[in-house]
Amino acid sequence: MNLSTVLNNKKNWLIEYNVYSDLFQIYTLDTFRKGRDELVEKRDSSFRILIEKDSKKPVMFEIKKAYDVLGVDVDNLSRRAIIKLIIPYFEKCLQK
């Protein structure tokens, strides 16, 4: 799966960054339409990812303490730059 293509082509991916909690999220609208039993959660100390059980497609990726992890203020980046920046972290989390 080429994550760059998936993230760039899917128009329903939403990007949120809360500067106060330093929480970064990228997710699809499908994330909230699915039941918890339809999703698999993978996490470690900084990352959390939700994947559809049936299709194995990611529907949400979250980074805690985003500034510390990414080293940049994502609030000042374009959508394309954010996607390019997070793909290595996204792929690393998917492999766990």
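The values are calculated or read from the model by the stated rules, or taken from the named source; none is laboratory data. Since this is a predicted model, take the numbers as computed values, not measurements. Backbone-built Cβ (ideal geometry, glycine too); neighbour counts: all protein chains shown.
Restricting attention to segment 17-34, the residues that are at pLDDT 90 or above and loosely packed, with under 11 Cβ neighbours inside 10 Å add up to 2.
Checked against (1) surrounded by fewer than 17 Cβ atoms within 10 Å (Cβ to Cβ); (2) under 25 Å from Arg33 (Cα atoms), Pro58 passes all but a single condition, namely (1). Among residues of segment 37-57 that are under 10 Å from Leu94 (Cα atoms), those with a beta-carbon under 6 Å from a residue that is surrounded by fewer than 16 Cβ atoms within 10 Å (Cβ to Cβ) and acidic (Asp, Glu) at least six positions away or on a different chain give the pairs Leu50/Glu41.
Out of segment 29-49, which residues are of a type outside the set (Lys, Arg), within 15 Å of Ile86 (Cα to Cα) and in a strand (DSSP E or B)?
Phe47, Ile49
Among the criteria (1) more than 20 Å from Tyr20 (Cβ to Cβ); (2) surrounded by 12 or more Cβ atoms within 10 Å (Cβ to Cβ), the one Arg80 does not fulfil is (2).
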